[in-house]
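The values are calculated or read from the model by the stated rules, or taken from the named source; none is laboratory data. Nothing here was measured: the structure is a model prediction, and the numbers come from that model. Reconstructed Cβ throughout: ideal geometry from the backbone, glycine too, with neighbour counts over all protein chains shown. SASA here: full protein model, heavy atoms, side chains in, ligands and nucleic acids out. Shrake-Rupley method; radii C 1.70, N 1.55, O 1.52, S 1.80 Å.
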Amino acid sequence: RCHPHMLDLITSLQMPKSEENKAVAIFTSQFHKVVKHGLTNFFQSVSRGLGATVATKTRSKKAYKDGDKLLDYHEKQLLRLSANFALTADLCFSLGGRLKFEELLMGRLADALGGIFLGYATLHHYSRRRGIEGLEAVTEHAMLKLEAEAQDALLEASKNFPGPLGGVASTVMKMGCFPLGNMTRPYDKPHDTLTKEVSRLMTTPSELRDMFQENVYMAPEGVTHQVSDLIRALPVCVEADNIASTLRREKRQPTEEEANKIAKADALRDVLIQVDVFENLTTEESQEGYTRPALQGTEERLAALERKEFVKYG
């Protein structure tokens, strides 16, 4: 149903005998369009693959810091992957009705399509939230990972294309998606330098971290709530770590104010790093007779059922 010409072609085969001439004309016209569409996808896959390879090989590792270049580069990579996927979808016609039973192939195509879809979603989010310091780094990291995953999924599909014509389809797919072999598979997972940069932005106070904290529930001060306590503890602990680094570098003892900040951070850490010591997640749950709303709702629905239990028959 997603193919632009296949539905009309199939419909022509189901037309009545009285409209045979019309059916033949429609079938011939649509068949030519199907072939033309497949050839167009093949040549687009090859041309975009070569262009994407050149762009990737000549791209600086710091090019992502320019937002316009970031968007332009990754949009072209997604267009290349989309052309690869379209060609692969055309080759799936060689399987006929057997396609629905080829779970491994369908799983790999789902991985590729998922990577492309999430890539466009990531670029859309970036274009809407531009201006947040550090957003370029996390967008670059996500895009590199998604592109590599989509590429690997298509590669595995080309190596394991099933069916009686699987060998032919596999060869055509490799020629169309990766015309120069490994050279036209340029996508790699994010390098460690970029990963460390994203990690730094997420584990220290930053505009990027503030963005991810949007719409996260914050309990009032003094109310037990682990997530809120973690968020509030971060700037305190980061400041204490900076003080400790300064003291080691200057080889001196802390002032009274510095000592108090370090002690406060240590006390927060001692509480937050405890594992499996929380009897209740929130203050409300510690109250006698408290029942979680979801459990209470389930009990009410079960009580409203006419049939209270199910009898097991042997």
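When 296, 274 are checked against the criterion of being out of contact with any Ser or Thr (no Cβ under 9 Å at 6 or more places or on another chain) and more than 17 Å from residue 230 (Cα to Cα), a single residue qualifies: 296. Listed conditions (1) buried (at least 17 other Cβ atoms within 10 Å of the Cβ); (2) more than 30 Å from residue 190 (Cα to Cα); (3) out of contact with any Asp or Glu (no Cβ under 6 Å at 6 or more places or on another chain) are all met by residue 30, apart from (3). Of all residues in region 138-166, those that are assigned to a loop (DSSP other than H, G, I, E, B) and over 18 Å from residue 89 (Cβ atoms) total 1. Screening residue 192 against (1) more than 30 Å from residue 102 (Cβ to Cβ); (2) out of contact with any His (no Cβ under 7 Å at 6 or more places or on another chain); (3) touching a residue at least 12 places away in the same chain (Cβ under 8 Å) leaves a single unmet condition, (3).
If you go through region 172-191 and keep only what is outside any loop (DSSP other than H, G, I, E, B) and open to solvent by 90 Å² or more (accessible area, probe 1.4 Å), you end up with 175, 182, 183.
Per-residue answers, yes or no, for (1) within 21 Å of residue 227 (Cβ to Cβ); (2) open to solvent by 50 Å² or more (accessible area, probe 1.4 Å):
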residue: 245; (1), (2): no, no
residue: 248; (1), (2): no, yes
residue: 253; (1), (2): no, yes
residue: 256; (1), (2): no, yes
residue: 260; (1), (2): no, yes
residue: 265; (1), (2): yes, no
residue: 270; (1), (2): yes, yes
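Taken as a whole, the structure places residue 109 among residues that are in contact with a Phe, Trp or Tyr (Cβ under 9 Å, 6 or more places away or on another chain), in contact (Cβ under 8 Å) with a residue 40 or more places away in the chain and within 22 Å of residue 4 (Cβ to Cβ). Name every residue in region 131-171 that is over 30 Å from residue 98 (Cβ atoms), open to solvent by less than 40 Å² (accessible area, probe 1.4 Å) and of a type in the set (Gly, Ala, Ser), in order of residue number. 134, 137, 142 - these are the residues of region 131-171 that are over 30 Å from residue 98 (Cβ atoms), open to solvent by less than 40 Å² (accessible area, probe 1.4 Å) and of a type in the set (Gly, Ala, Ser).
Please enumerate the residues belonging to region 182-213 that are among the acidic types (Asp, Glu) and over 18 Å from the mean Cα position of the chain (by Cα). Once the filter is applied, which keeps residues that are among the acidic types (Asp, Glu) and over 18 Å from the mean Cα position of the chain (by Cα), region 182-213 yields 192, 197, 207, 210.
Of the residues 223, 216, only one is touching a residue at least 12 places away in the same chain (Cβ under 8 Å), surrounded by fewer than 14 Cβ atoms within 10 Å (Cβ to Cβ), over 34 Å from the mean Cα position of the chain (by Cα) and part of a loop (DSSP other than H, G, I, E, B); which? Result of the check over 223, 216: 223.
Scanning region 237-291 for residues that are in a loop (DSSP other than H, G, I, E, B), under 23 Å from residue 223 (Cα atoms) and of a type outside the set (S, T, N, Q) yields a count of 10. Taking region 1-36 as the range and being assigned to a helix (DSSP H, G or I) and in contact (Cβ under 8 Å) with a residue 24 or more places away in the chain as the test, the residues that pass are 6, 9, 30, 33, 34.
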